[in-house]
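Below is one structure; the comments refer to it alone.
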Amino acid sequence: MKAVVWHGVGDIRVDEVPDPKILEPSDAIVRITRSAICGTDLHLVRGTMPGMQPGTVLGHEAVGVVEEVGPAVRGFSLGDRVVVCSTVGCGTCSYCRAGYFAQCDTANPNGPGAGTCFFGGPESTGPVDGLQAEYARVPFAMTTLVPVPDSVSDDQAILVSDIFPTAWFGARLAEVGRGDSVLVFGAGVVGQFAIASAQRQGAGRVFVVDGIGSRLDAARAQHAETVDFNREDPVALVKELTGGIGVDRVIDAVGVDAQRPSGGPAAEKVAQQAEQFEAERAEAAPDASPSGEQWVPGNAPSLVAQWAVEAVAKAGTIGVIGVYPPGFSSFPLGQAMNKNLTVKMGNCNHRRYVPELLNLVATGGFDPTAFITQRTDPTAAVEAYETFDRREEGWLKTVLEVSA
């Protein structure tokens, strides 16, 4: 079968690889009909999430059809349409039973202390071959698969595999409640869904910070109040718009690949931290291998964390869903402590949220397909990765149409 395969930092290819097989009684084989490219995948190719093993199939988002099940899989039949949750959980350990599927004690073959197991990730997460392929082996299928209602299309369902639940989780981490003012950093597709999630969890006002015009336009279409960090100082402006107090809640949907402002008043301030940011980038991506403007790690790794702490009101809450790799240590801890802030972060417990979000889509409460901006065949996936990596205007979410 064909699959998108990681060969090294800055080196991904569409290869012919062996079809997956049932390895454990709880496995299922799924024929993929839709997959997608995520910002997390870019971290792996840029080198800001280290530890990838050459030959690993990439991708952690998929919708498909059950083709084969192991003897322990009793709730699914051949031909069932399913969403594959991005993180893997056994469903029976104490963490899964408490809803912390991303911290399952069993799924990660590296042991209970290894943390999240997800598809297409580095060695520390399994590794488990990913979902940008024609077929995939799904461990712990009874937990990792969720049936797709007949009224939900594949295009709708693919966005509930990872992006929508991650953003929903981010709003929950930030403790968004009725009437809250919420600031979302990053207007990529996760940020767009964070806006939608915050609004549906009761936010009174939602602000969003980004530097790409088409992303800000999409946020404005959701009635978010937009801030272009290349033209305005986001912290100063948000404080001005909130009577000098700051926002109640912040969602960081950017992470370690944050970019410095290219102009405006914020650029002048950030320029004073250039040496600090370069040291952080070397720490976050020691094996980075840029090729011109391709696969370049973010040049201000801790900037969003800094802005988040500065822009949130005293006693406010920050939810972090942007990726920061193990070993990354820059965070304005003292300032956060002196403001009595609550900071929550982590990998999404997908299985906890996927069923209710599928139901929201099925009942017409939200149609996520507006955020699909590109479609491509898997054979053109490398070119799509390259364009997405360059942060070109108009790119939010690329869906890989694998099969009918």
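The values are calculated or read from the model by the stated rules, or taken from the named source; none is laboratory data. Note that the structure is predicted; figures quoted are calculated from it, not measured. Methodologically, a virtual Cβ is constructed for each residue, glycine included, from the backbone with ideal geometry; neighbour enumeration extends over all protein chains shown. Ligands, DNA and RNA are stripped out before the accessible areas are found, and what is left, the full protein with its side chains, is counted by its heavy atoms. Shrake-Rupley method; radii C 1.70, N 1.55, O 1.52, S 1.80 Å.
Of all residues in the stretch 282-303, those being part of a helix (DSSP H, G or I) and touching a helix residue (DSSP H, G or I) at 6+ places or on another chain (Cβ under 9 Å) number 2. Within the stretch 291-310, can you find the residues that are more than 22 Å from the chain's Cα centre (by Cα) and modelled with pLDDT under 95? Scanning the stretch 291-310 gives SER291, GLY292, GLU293. Note on the stretch 291-303: residues that are open to solvent by less than 10 Å² (accessible area, probe 1.4 Å) and either without any contact (Cβ under 8 Å) to a residue 24 or more places away in the chain or of a type outside the set (A, V, I, L, M, F, W, C) (or both) total 4. GLN306 falls short of the stated requirement of being part of a helix (DSSP H, G or I), of a type outside the set (D, E, K, R) and open to solvent by 50 Å² or more (accessible area, probe 1.4 Å). What are the residues in the stretch 160-175 that are out of contact with any Asp or Glu (no Cβ under 8 Å at 6 or more places or on another chain) and either open to solvent by 10 Å² or more (accessible area, probe 1.4 Å) or assigned to a loop (DSSP other than H, G, I, E, B) (or both), if any? Once the filter is applied, which keeps residues that are out of contact with any Asp or Glu (no Cβ under 8 Å at 6 or more places or on another chain) and either open to solvent by 10 Å² or more (accessible area, probe 1.4 Å) or assigned to a loop (DSSP other than H, G, I, E, B) (or both), the stretch 160-175 yields VAL160, THR166, TRP168, PHE169, ARG172, LEU173, ALA174, GLU175. Among residues that are surrounded by fewer than 24 Cβ atoms within 10 Å (Cβ to Cβ) and at pLDDT below 95, GLY327 is included.
Looking at the stretch 321-404, none of the helices (runs of 4 or more DSSP H) lying wholly inside it contains 2 or more residues that are touching a Gly at 6+ places or on another chain (Cβ under 9 Å), free of Cβ contacts under 8 Å to residues at least 24 places away in the same chain and not small (Gly, Ala, Ser). Inside the stretch 53-75, residues that are assigned to a loop (DSSP other than H, G, I, E, B), open to solvent by 20 Å² or more (accessible area, probe 1.4 Å) and touching a strand residue (DSSP E or B) at 6+ places or on another chain (Cβ under 9 Å) make up a count of 4.
With the requirement that a residue be part of a helix (DSSP H, G or I) and polar (S, T, N, Q), what does the stretch 129-159 give you? Residues satisfying the conditions are THR143, THR144, GLN156. Applying the condition of being open to solvent by less than 30 Å² (accessible area, probe 1.4 Å) and not hydroxyl-bearing (Ser, Thr, Tyr) to the stretch 342-362 and asking which residue is nearest to ALA174 (Cα to Cα) yields CYS348. Only one of the numbered conditions (1) in contact (Cβ under 8 Å) with a residue 60 or more places away in the chain; (2) open to solvent by 10 Å² or more (accessible area, probe 1.4 Å); (3) in contact with a helix residue (DSSP H, G or I) (Cβ under 6 Å, 6 or more places away or on another chain); (4) farther than 12 Å from ASN349 by Cβ is violated by ASP105, and that is (1). The residues in the stretch 343-381 that are β-branched (Val, Ile, Thr) and more than 26 Å from ARG249 (Cα to Cα) can be counted, and the count is 6.
Just give me the residues in the stretch 255-275 being touching a residue at least 12 places away in the same chain (Cβ under 8 Å) and open to solvent by 40 Å² or more (accessible area, probe 1.4 Å), in sequence order. Passing the criteria: GLN259, ARG260, SER262, PRO265, LYS269. For the criterion of being among the hydrophobic types (A, V, I, L, M, F, W, C), open to solvent by 60 Å² or more (accessible area, probe 1.4 Å) and out of contact with any Asp or Glu (no Cβ under 8 Å at 6 or more places or on another chain), LEU23 passes. A single member of THR125, THR166 is without any contact (Cβ under 8 Å) to a residue 24 or more places away in the chain, over 22 Å from ARG74 (Cα atoms) and among the β-branched types (Val, Ile, Thr), and it is THR125. Entry remark, the stretch 73-106: residues being within 20 Å of the chain's Cα centre (by Cα) and either more than 22 Å from VAL4 (Cα to Cα) or modelled with pLDDT under 95 (or both) number 7 in total.
For MET49, which of the numbered conditions (1) modelled with pLDDT of 95 or more; (2) part of a loop (DSSP other than H, G, I, E, B); (3) surrounded by 18 or more Cβ atoms within 10 Å (Cβ to Cβ) fails to hold? Among (1) modelled with pLDDT of 95 or more; (2) part of a loop (DSSP other than H, G, I, E, B); (3) surrounded by 18 or more Cβ atoms within 10 Å (Cβ to Cβ), MET49 violates only (1). Hey, could you check the stretch 276-290 for residues that are among the aliphatic types (A, V, I, L, M) and over 20 Å from the mean Cα position of the chain (by Cα) and say which is least open to solvent (accessible area, probe 1.4 Å)? Restricting to residues being among the aliphatic types (A, V, I, L, M) and over 20 Å from the mean Cα position of the chain (by Cα), the top hit is ALA288.
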